[in-house]
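Working notes, structure below.
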Amino acid sequence: MPYLVAAEADKIQDFIFRSSRLREVVGASQLLTRFCRSVEDTLAPEYKGQIVVNDGGSFRVIFDTEPDAVAFGADLAELYRLALGGSLTVAEPVKLNGDFRKANDEAGRKLRWAKSRRHGAVADPHMAYVAFCASCGVVLAEKHGQLKSRTNSRRANYLCETCQSKATERDRKPRAILDDFYAAYRNILGNDLATDPDWPEDADEVARFDLRQRNYVAYLVADGNGMGKLFGCLDQQQIETFSEGLTPALHRSLAKPAADFRKTMPGQTDMVPVLPLILGGDDLFALIPAPYSLDFAREFCLAWEQQMRALMEQESVALKIGEGGMAPPTVAAAVVICKSKYPYALAHRRAEALLKEAKRQSKLLAAETGEHLSSVNFEVIVGNRLAGLEDEDEQSASAVRSTLRPYWVARDGLSVTAQERGIDLKLLLAQRMTLKDVPNKRLAELRRRFEDLPANLTDHNRNRAQEMENWTNRKLGGILSRLGKASRSNVEAALKELGKSKDDGNGSHHWREIQRGDGSRLAHGMLDLLEAWDFAQDFEHGPADYESQEEEE
């Protein structure tokens, strides 16, 4: 009787982010990837195991006997502890009676049960004359020395064995993540790149792409929608094929906007403009340039949809997409734009919160309308303030929101039902070009107006439309009157596109009424555009196209 074993690494993000340098974050991701791949050639054959899934810290392995399955699980957890210094949970083996889907569901339930019963972490011993690692700060240091780094200072630090391994792993050949991503990147650009390009050593090197030279970078986080349901519909052969193709599809999806950025931005060196930090399965965390970062996320979503559809429709998977079959593949993405010195762990935490809302809106759209769209959420963190909008709770309870986030991503435009729940990110980016010649002083005034929302306006206010019309005349009238003819026309066009796209007979205000699952709200995208102004370029236009030629007022 064959048995199926499910296993999964615990607190993967804690392991990856338990270091202060991006070099070590990349190294940790590559260590995890290399460990997962090595199991197929080392431990699994020892127990005659058949690998079904071995990616992203997750395993599904089939064995001929229960003792082999149990012994494999014990050795796997111990090898993971020795190699990566973390813990891995192994579920009890499940009998495989010919129905792989049923057995896989049961293995997943046992794995979740096992994870919930794990004991807490044990603190490392501490003595007065022993130093903790200067990088992770939680493990006893093993040596006093320097990490190998192109930009590392000459100052030595106390380092633990794990952080040293992470730092060394990044440049170890072959490189599990960086080499695979670069192969996809180079395949798009052709052979005009250096054989071994420099990778960004830290966020400061990516900050050199900031057009305003203010040292801003962006972090991109993405996660596929409905992947759990998709995997639950696959049999053993389909899961094997799909798992093998999922990470390469993610590499190609990230390489597409990275190549677009290189083609659009002039004067680049042979440094790859993107640094993947987590890249496996359908999970992505990457450091990207701040300019064009919103269109970067948009292009990634479109490329991911295309790659996933091709993977689902290949002969060995053969999934029907559309009516009577699987839902079209979509992905949620979040972009956090911040200073290069901003802690990457805090940026990732904020991105995860933004990602959660993007996934929620995609799920609501599918449930309420049957339409499936990818979505992008974003935020600009000014200076070093804590991430998150201070007035989020207030806006969620108010009938007026100063944002249309998250935005939809559509290849061929939005349907009427989707427009009732938001607008296309492409439309937001188009207004950046429309308003490029408007004087900065007027743009600043416009931003202040949209930050000053009407007070005490609720869903129960029958005069909501009239109050918003009064707000429009009072707050925007003066600004429009001081603009030149061309600038005024462009601002009015942008107000229309980012708000109410047509006259709905509900007053002459610019605000769009949107449905977000928990009721209707009046919302507008102008503040979103102005906050992300320096990062909302479209790949169709080079930086020179956005140079302002302010019109005389």
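The values are calculated or read from the model by the stated rules, or taken from the named source; none is laboratory data. Small disclaimer: the values here were computed from a predicted structure and weren't measured. Methodologically, a virtual Cβ is constructed for each residue, glycine included, from the backbone with ideal geometry; neighbour enumeration extends over all protein chains shown. We work out accessible area using only protein heavy atoms, side chains counted, and drop any ligands, DNA or RNA first. Shrake-Rupley method; radii C 1.70, N 1.55, O 1.52, S 1.80 Å.
Some values worked out for this structure:
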quantity	calculated
C-alpha center-to-center spacing [the range 73-109, the range 164-233] in angstrom	30
Nonlocal amide H pairs with Thr403, under 5 Å, H built at 1.01 Å	His524
At R0 = 45 Å, FRET efficiency that the Cβ-Cβ distance of Asn440 and Ala367 yields, to 0.05	0.60
Gain on full stretching of the segment that runs from Thr42 to Ala83 - 0.36 nm per residue minus C-alpha separation	13.4 nm
Label point distance in nm, Glu161-Met326, each placed 7 Å from Cα along Cα→Cβ	4.2
Label-to-label distance, nm, for residues given as Glu315 and Ala71 (7 Å Cα→Cβ offset)	3.9
Degrees between helix 66-84 axis and first principal axis of the chain (Cα, 0 to 90, nearest 10)	60
Greater than 20 Å apart at Cα, pairs in Lys115/Lys363; Lys256/Lys426; Lys143/Lys173	Lys115/Lys363; Lys143/Lys173
Rounded to 10°, Cα long-axis angle of helix 425-434 versus longest principal axis of the chain	50
Using θ = phi - 60° and Karplus 6.51 cos²θ - 1.76 cosθ + 1.60, couplings along the range 529-546 (whole Hz; Gly, Pro as x)	5, 5, 5, 9, 3, 6, 10, 9, 6, 9, 4, 6, 10, x, x, 5, 5, 9
Per-residue ³J(HN,Hα) for the range 321-329, Karplus 6.51 cos²θ - 1.76 cosθ + 1.60, θ = phi - 60°, Hz, x for Gly and Pro	10, x, 4, x, x, 6, 5, x, x
Folded to 0 to 90 degrees: helix 22-39 orientation relative to the chain principal axis, Cα	50
Cβ crowding within 10 Å averaged over residues, with 288-297, 424-433 ranked highest first	288-297, 424-433
Table column - 3J(HN,Hα) (Hz), the range 482-492, Karplus curve with 6.51, -1.76, 1.60, x for Gly and Pro	8, 8, x, 4, 5, 5, 5, 4, 5, 5, 5
Amide H within-cut-off set for Leu277, under 5 Å, with H built and near neighbours excluded	Phe285, Ala286, Leu287
Nonlocal amide H pairs with Ser87, under 5 Å, H built at 1.01 Å	Asp10
Estimated FRET transfer efficiency when R0 is 25 angstrom, pair Leu189-Arg349 (beta carbons, to 0.05)	0.15
Sulfur and carbon atoms: percent of accessible area, the chain [1.4 Å]	47
